[in-house]
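The values are calculated or read from the model by the stated rules, or taken from the named source; none is laboratory data. Worth saying up front: this structure is predicted, and the values here are computed from it rather than measured. Backbone-built Cβ (ideal geometry, glycine too); neighbour counts: all protein chains shown. Calculation scope for accessible area: heavy atoms of the full protein, side chains included, ligands and nucleic acids excluded. Shrake-Rupley method; radii C 1.70, N 1.55, O 1.52, S 1.80 Å.
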Amino acid sequence: MRLIEAGEPSNPVDYIARTREQYDRLGYPPYRWVRNEDPPPFAPLAKPLGEAMVGLVASGGIYRSGQVAFHYRDDFSFREIPADTPVSELRATHFAYDLTDARRDPNAVFPLETLRNLVDEGRIGGLGACAYTFMGGIYSVRKVRDALAPAIADRLQRDEVDLAILVPV
């Protein structure tokens, strides 16, 4: 993973189009995207990135060997993965994307090792005690809003992270 420098152009991924195509191929009902009417408040980073504690939250269905795998669409549970977990202990399961790359290298959807390397290089200050993962494709906005998101936010606050990287799949 390479950090994109300020002002450097990037090529965004059109997740809406990709998700629609994937759900069509799987025969699922059309995915209904949530439209937030109010933009989230802007919160500038209060310290240099090289001093910041970073959290990782990803929706790729990653879990640690020995943990219960995600089982079904609309599973709104999450897993805590200790930040020092070896990549060899990470597993992937998900109903809505091809798991080949994630199973070959979990960093493709859960860049824990990459973030550890950035800590070693001094690019980021550190990692939260745990990273958090869930299986995306949750149709219930209410479950995400009222249960999943607050639970993960509580854990990130407990871990005293300054910012969280959100990795959608």
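Inside region 112-132, can you point out the residues that are part of a strand (DSSP E or B) and in contact with a Leu (Cβ under 8 Å, 6 or more places away or on another chain)? Correct list: LEU127, ALA131, TYR132.
Of all residues in region 144-167, those satisfying the criterion of being in contact (Cβ under 8 Å) with a residue 60 or more places away in the chain and assigned to a helix (DSSP H, G or I) are VAL144, ALA147, LEU148, ALA151, ILE152, ARG155, LEU156.
Residue under question is ALA58, and the condition is that it be buried (at least 20 other Cβ atoms within 10 Å of the Cβ), out of contact with any helix residue (DSSP H, G or I) (no Cβ under 8 Å at 6 or more places or on another chain) and at pLDDT 95 or above; does it hold? When the stated conditions are applied, ALA58 passes them.
Regarding region 106-126, can at least one residue be identified that is in contact with a Pro (Cβ under 7 Å, 6 or more places away or on another chain) and over 17 Å from ARG64 (Cβ atoms)? No - not one qualifying residue is present in region 106-126.
A search for C-beta distances below 7 Å between a residue of region 17-42 that is open to solvent by less than 100 Å² (accessible area, probe 1.4 Å) and any residue that is modelled with pLDDT of 80 or more, counting only pairs 6+ apart in sequence or on different chains, returns VAL34/VAL141. Which members of region 133-143 meet the condition of being open to solvent by 20 Å² or more (accessible area, probe 1.4 Å) and either in a loop (DSSP other than H, G, I, E, B) or of a type in the set (Val, Ile, Thr) (or both)? Listed by number, the residues that qualify are TYR139, SER140, VAL141.
Here LEU99 does not qualify as touching a Leu at 6+ places or on another chain (Cβ under 9 Å) and not basic (Lys, Arg).
Of the strands (runs of 3 or more DSSP E) lying entirely inside region 61-105, the ones with 1 or more residues being of a type outside the set (A, V, I, L, M), surrounded by fewer than 18 Cβ atoms within 10 Å (Cβ to Cβ) and in contact (Cβ under 8 Å) with a residue 40 or more places away in the chain are found at 78-82.
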